[in-house]
Amino acid sequence: AAKKRALAAVRDYGVHLTLFQNAVSEWAGLNTTDMQCLRFLFLKGVATPSELSRQTGLTSGATTAMLDRLEKAGLLERQRNPDDRRGTLITPAKAASEKAAAWFVSARNAQDELLSSYSERELEIIADVFERFTQLWDREREKLRSGQ
């Protein structure tokens, strides 16, 4: 019963996080793939347009349109790729992280309050579970990509 409850909680967490992220996208005036692109850039720091196309599932033309929108909004910057004369590197704009941080102030405060109700030992277990689930999803995604 505890295992079922834990798996249901993980599933529900994923669904509700996606719903929250969609609501933030709408509130910020961006579409879901724009936000997905920004999250990936904040995580990686830098990416090529083809990487972003793969991450978002967009065609190269749709990716270019998305990058144009996000650059115009001051959320990302394009730079020459020093390893590829014809290539471009995409990075979050300096102000982007401050702008994005403002979108999540309430959520960060609520998370802090929630986590403050747990002991250090419980927090270590929570962190371990999320870290291991992150690795699990990466492995499962790789299996899908390699056709396993």
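The values are calculated or read from the model by the stated rules, or taken from the named source; none is laboratory data. What you see is a predicted model, and the numbers here were worked out from it, not measured in a lab. Please note: Cβ atoms are built from the backbone with ideal geometry, for glycine as well, and neighbour counts cover all protein chains shown. To get the accessible areas, we keep the full protein, side chains included, count just its heavy atoms, and leave off ligands, DNA and RNA. Shrake-Rupley method; radii C 1.70, N 1.55, O 1.52, S 1.80 Å.
Beyond a 32 Å Cα-Cα separation, which of these cross-linked pairs lie in this structure: Lys3/Lys143; Lys44/Lys72; Lys4/Lys99? Pairs exceeding the cut-off: Lys4/Lys99. Ligands, DNA and RNA are left out, and with a 1.4 angstrom probe the accessible area of the chain is 73 Å² per residue. Placing +1 on each Lys and Arg Cβ and -1 on each Asp and Glu Cβ, with no other charges, gives the chain a dipole about its Cα centre of roughly 500 debye.
Here segment 87-148 exposes an accessible surface that is 56 percent carbon and sulfur, computed with a 1.4 Å probe and the other protein chains kept in place. Considering only Gly87, Leu41, Leu7, and ranking their Cα positions along the charge dipole of segment 1-140 that arises from unit charges at the beta-carbon of Lys, Arg, Asp and Glu, the one farthest toward the positive end is Gly87.
Taking R0 as 35 Å, what FRET efficiency do you get between Val15 and Asn81 from their Cβ-Cβ distance, rounded to the nearest 0.05?
Numbers: r = 37 Å, r/R0 = 1.06.
So the FRET efficiency works out to roughly 0.40.
Rounded to the nearest 10 degrees, the inclination of helix 105-115 to the longest alpha-carbon principal axis of the chain is 30 degrees.
Between Arg5 and Asn22, the distance separating the two model label sites (each 7 Å from Cα on the Cα→Cβ line) works out to 2.9 nm. Using the Cβ-Cβ distance between Ser97 and Ile125 with R0 = 22 Å, the FRET efficiency computed as 1/(1 + (r/R0)^6) comes to roughly 0.15. Relative to the longest principal axis of the Cα atoms of the chain, the long axis of helix 32-44 makes an angle of roughly 80 degrees.
Rounded to the nearest 10 degrees, the angle from helix 94-103 to the longest Cα principal axis of the chain is 40 degrees.
Quick check on segment 92-148: take the gyration tensor over C-alpha atoms, sort the square-rooted eigenvalues as a ≥ b ≥ c, and tell me if it's rounded (a/c under 1.5), prolate or oblate.
oblate
Judged by the mean number of other Cβ atoms found within 10 Å, the most tightly packed of the peptides 31-39, 73-81 leads the ranking 31-39, 73-81. In order along segment 120-134, the phi-based Karplus estimate (6.51 cos²θ - 1.76 cosθ + 1.60, θ = phi - 60°) of 3J(HN,Hα) comes to 4, 4, 5, 5, 4, 5, 4, 4, 4, 4, 5, 4, 5, 5, 4 Hz; Gly and Pro are listed as x. Backbone amide hydrogens, once placed in the peptide plane, bring Leu76 within less than 5 Å of Glu71, Ala93, excluding anything fewer than 5 places away on its chain.
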